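Below: the structure, in structure tokens.
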Amino acid sequence: MKIGIIGSGNIGGNLGKHWAKAGHEVLFSSRHPEELKGLATEAGNNAQAMSIKEAFEANADVYLLAMPFKAVDELAKTYAAQYSNKLIIDATNPYPERDGEMAQKVRDANYTASEYTAMKFSSAKTAKAFNSIKAEHLRDRAFRSTDKLTIPYASQDIEKQVRYKKTNRGYGF
């Protein structure tokens, strides 16, 4: 499976390394792709670094949104059409102290971040996951045989849940 990661920081970087080592083709992307070359090398032969535009042009099967929540609007405005019928795994959280007024408006409107992302990428299939785990736990505690991590997720329908589950089957998160 080809997985495009939009925002390859702590969560996106760790997940991408796990997925690449499990055999998936991983496309690490950010606004500064030149800074991701070391991450792609560390992840192995199944990973590459690129711009966000290049990640969308590569037509991935699944996209992980792991960037600051404040980038959702701009990303949706530019790329929502390219998400049509794709699965988006949304790992974002709205933090007004980091993301500003936009995040506060989402909270005040009583939307969940999942609902907001699903509205912005209305032609995509969205699932919420990896937004409630610390990056260091994802990095250090994945693939253990005891005290396994549990990653809660939610989606809008059964088809999305099944596809998400296939993406992460057997990885011991």
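Taking the stretch 19-95 on its own, what percent of its Cα-Cα pair distances exceed 19 Å?
Values: 1055 of 2926 pairs.
Percentage above 19 Å: 36.
If each DSSP helix of 4+ residues adds -39,500 (n - 2.57) and the sum is divided by the residues in the chain, what number results at 222 nm, nearest 500 deg cm²/dmol?
Rounded to the nearest 500, it is -11000 deg cm²/dmol.
Please give the contour-minus-distance gain from residue 107 to residue 150: 0.36 nm per residue of separation, less the Cα-Cα distance, rounded to one decimal in nm.
My answer for the length gained is 12.9 nm.
Show me, for the stretch 47-62, the HN-Hα J-couplings you get by feeding each phi into the Karplus relation (A = 6.51, B = -1.76, C = 1.60, θ = phi - 60°), rounded to Hz, glycine and proline as x.
10, 8, 9, 7, 6, 4, 4, 5, 4, 5, 5, 6, 6, 5, 6, 9
Can you run phi through the Karplus equation (6.51, -1.76, 1.60; θ = phi - 60°) for the stretch 119-126 and list ³J(HN,Hα) in whole Hz, with x for Gly and Pro?
Each residue of the stretch 119-126 in turn: 5, 5, 10, 5, 8, 9, 9, 10 Hz.
Taking amide hydrogens as modeled 1.01 Å from N in the peptide plane, which residues meet the under 5 Å criterion relative to residue 90, leaving out close sequence neighbours?
65, 127, 128, 129
Quick check: net charge around residue 134, other residues with Cβ under 11 Å of its Cβ, Lys/Arg +1 and Asp/Glu -1?
0
From Cα pairs below 8 angstrom and at least 6 apart in sequence, can you work out the relative contact order of the chain, rounded to a whole percent?
19
Need the full-extension length gain, residue 42 to residue 10, defined as separation in residues times 0.36 nm minus the C-alpha distance. One decimal, nm.
Roughly 10.1 nm would be gained on extension.
Taken together, the values in this text are just the output of simple stated rules run on the coordinates, not laboratory data. It should be emphasised that the depicted structure is a prediction, and the values quoted were computed from it without experimental measurement. Using ideal geometry, Cβ is built from the backbone for each residue, glycine included, and neighbour counts are taken over all protein chains shown.
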